[in-house]
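Input: a single structure, listed below in structure tokens.
The values are calculated or read from the model by the stated rules, or taken from the named source; none is laboratory data. Please read these numbers as outputs of a predicted model, since none were measured by experiment. Here Cβ is always computed from backbone atoms with ideal geometry, including for glycine, and neighbour counts include all displayed protein chains. Just so you know, the surface numbers come from the protein's heavy atoms only, side chains and all, with ligands and any DNA or RNA stripped out. Shrake-Rupley method; radii C 1.70, N 1.55, O 1.52, S 1.80 Å.
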Amino acid sequence: MEEYIDELKKIWDSNILTNSGPEYVRFQKQLEAFFGVGNVSLFANGHLALEIGLETLGLTEGEVITTPFTFASTTQAILRRGLTPVFCDIRDDDFTIDVDKIETLITDKTVAILPVHVYGNICDVDRIDEIAQKHNLKVLYDAAHAFGETYKGRNVAGFGDMSMFSFHATKVFNSVEGGCLALNDSRYVDVIEMLKQFGEVGHTESYPLIGTNAKMTEFHAAMGICNMNHVHEYIAKRKTVIERYRANLGGISGVRLSVEQPETQRNYSYMPIVIDKNSKGITRDDVEKALQDHNIYPRRYFYPLTCDFECVKNHRESSAAKIQDTPVARYVSDRVLCLPCYADLTIDQVDIICKHIISLFQ
Ligand SMILES: *Cc1c(COP(=O)(O)O)cnc(C)c1O
């Protein structure tokens with residue numbers, strides 16, 4: 001709170017509350033350095049960044065290949081832009097888009113790929129890049145879960161045409177509400193800035209585009225600046241939590257952990273477990289119930305699949321297109337549970353949570 005109050009004083013001194021004031025610019029520059037990308041544009045939230053990212057890439061109609069194993073935002077951004085989501089299945093080991101299945105879904109209507117670094121597991125960015133180049137597709141990553149991660153020494157923010165990050169209060173790094181687009185191609189920057197401010201060119205009273213209001217305020221940027229000073233510490237604490245979970249739950253038959261990806265520096269954002277077939281016949285819902293009985297609240301994250309949302313089905317009925325089968329995503333979605341995971345969770349609390357799970361399987 002003291003650190004935040006110091007930032008608030010600066011806002012009072014500048015007399016600027018929003019519209020890209022000094023706090024916004026400081027936070028933006030910090031992130032550009034942290035991500036190692038040429039351009040960061042800050043938003044009121046991650047979802048609007050995703051919508052504006054799609055629009056800036058010139059995707060006004062056609063099909064976008066994505067996965068249904070994600071948060072509502074990914075699929076809804078595609079639909080709200082008037083695009084059609086085409087659902088590709090996921091890998092069974094890290095739950096990211098199955099790159100071997102992408103090309104079978106490409107048609108003459110395909111315009112882009114929108115993969116998700118789900119749970120902070122990094123997609124096969126090299127293969128996605130190859131496929132996109134070969135078929136002339138745009139790539140926008142939903143990197144909401146991947147803040148601070150690197151793959152082969154490169155920050156995830158630099159992959160594809162753009163990456164979207166969310167700074168929502170529940171994420172590893174937050175500005176209360178907030179998000180950004182990170183990109184290297186500076187040709188897109190002017191359009192992004194216009195779209196997030198009513199389509200206006202700077203403050204010129206000229207409005208060539210139909211925009212919206214998606215700006216980050218000085219108060220949210222100030223919170224981001226404060227949390228940037230602690231992000232390494234938050235990630236280190238989460239690492240301890242996740243390593244304890246993995247040590248405790250690693251050997252239990254029926255409880256499957258996400259694979260540890262090689263050449264990846266993680267942010268330890270989520271602790272998913274998949275309850276596979278087991279000799280006791282224990283299901284995901286049994287585990288959830290047992291934990292809830294002890295006032296422990298895991299999340300069925302991601303259930304249901306976004307392709308099962310009423311709004312997605314209604315959209316498909318009106319367009320008469322069928323929804324793709326994604327059997328692996330369906331299997332995982334029916335069996336996955338995300339265990340409590342945050343920086344201040346203690347080792348003792350992790351042990352208690354694990355004890356309740358293990359006792360079910362013994
Ligand atoms: C949180 C999240 C978003 C949306 O971000 P907001 O900042 O909440 O709008 C998008 N995609 C995924 C995968 C998320 O987890």
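Over the Cα atoms of segment 169-277, what Rg and Dmax result, in angstrom?
That works out to 20.5, 64 Å for Rg and Dmax.
Using Cα pairs closer than 8 Å and at least 6 residues apart in sequence, work out the relative contact order for the chain, in percent.
20 percent
What number comes out for accessible area per residue over the chain if the probe is 1.4 Å? Units Å², please.
Spelled out: the 1.4 Å probe surface of the chain, per residue, equals 45 Å².
Normalized C-alpha radius of gyration of segment 112-185, against 2.2 N^0.38 Å?
1.08
With +1 on each Lys and Arg Cβ and -1 on each Asp and Glu Cβ, how big is the dipole of segment 1-41 about its Cα centre, in debye rounded to the nearest 20?
Its charge dipole is roughly 180 debye.
So for segment 195-252, what are the equivalent ellipsoid semi-axes in whole Å, largest first, each being the square root of 5 times an eigenvalue of the Cα gyration tensor? Please report the intermediate quantities before stating the final value.
Details: eigenvalues 394, 51, 8 Å².
That gives 44, 16, 6 Å for the three semi-axes.
Expressed as a whole percentage, what fraction of the accessible surface of segment 285-362 belongs to carbon and sulfur atoms when a 1.4 Å probe is rolled over the protein heavy atoms?
On the way: 2120 of 4290 Å².
Using a 1.4 Å probe with all protein chains present, segment 285-362 comes out at 49 percent carbon and sulfur.
Which one, L79, V231, N248, projects farthest toward the positive side of the charge dipole computed for the chain from Cβ point charges (K/R +1, D/E -1)?
Sorting the options by dipole projection puts first N248.
In cubic angstrom, how much convex hull volume per residue do the alpha carbon atoms of segment 278-345 span?
On the way: hull volume 9.2 nm³, N = 68.
Taking only Cα atoms, segment 278-345 has a hull volume of 135 Å³ per residue.
What pairs from K101/K171; K171/K237; K29/K134 go past 23 Å between their alpha carbons?
Distance filter (> 23 Å) returns K101/K171; K29/K134.
Within 10 Å, count the other beta carbons around each residue, average over each peptide in 143-156, 221-234, and list them highest first.
143-156, 221-234
Roughly how far apart, in whole Å, are the Cα centres of segment 146-164 and segment 198-255?
Result: 13 Å between the Cα centres.
Express in nm, to one decimal, how much length is gained between K280 and L105 on full extension, taking 0.36 nm for each residue of separation and deducting their alpha carbon distance. Each step should come with its number before you reach the end.
Working: separation 175, 0.36 × 175 = 63.00 nm, distance 3.88 nm.
Full-extension gain reported as 59.1 nm.
Report the equivalent ellipsoid semi-axes for segment 43-132 in whole Å, largest first, defined as the square roots of five times the eigenvalues of the gyration tensor built from alpha carbon atoms.
One finds semi-axes of 20, 16, 11 Å for segment 43-132.
For K277, list the lysines whose Cα falls under 19 Å from its own Cα; do not include residues on the same chain fewer than 8 positions away.
Filter leaves K289.
Counting residues in the chain as N, plug N into 2.2 N^0.38 Å and put the Cα Rg over that result.
Values: Rg = 21.0 Å, N = 362, 2.2 N^0.38 = 20.6 Å.
Taking the Cα Rg and dividing by 2.2 N^0.38 Å, one obtains 1.02.
Where a Cα-Cα gap under 18 Å defines reach, which aspartates and glutamates qualify for K109, not counting those fewer than 8 residues away within the same chain?
E55, E61, E63
Taking a probe of 1.4 angstrom, what is the accessible area of H203 in Å², to the nearest 10?
Only protein atoms counted, so the area is about 140 Å².
Quick one: with all protein chains in place, what share of the accessible area of segment 55-117 is carbon or sulfur, to the nearest percent (1.4 Å probe)?
43 percent
Between C311 and I352, what length comes free when the chain is fully extended (0.36 nm per residue of separation minus the Cα-Cα distance, one decimal in nm)? Write out the running numbers ahead of the final one.
Numbers: separation 41, 0.36 × 41 = 14.76 nm, distance 3.92 nm.
So the extension gain works out to 10.8 nm.
Using the Cα centre of segment 158-316 as the reference point, and only Cβ charges (+1 on K/R, -1 on D/E), how large is the resulting charge dipole? Debye, rounded to the nearest 20.
That gives a dipole near 800 debye.
May I ask which residue of P272, F27, P208 lies farthest towards the positive end of the charge dipole of the chain, with charges of +1 (Lys, Arg) and -1 (Asp, Glu) on Cβ and the Cα centre as origin?
Farthest towards the positive end: P272.
Could you give the size of the charge dipole of segment 1-134 about its Cα centre, using +1 on the Cβ of each K and R and -1 on the Cβ of each D and E, expressed in debye and rounded to the nearest 20?
Value, rounded to 20: 480 debye.
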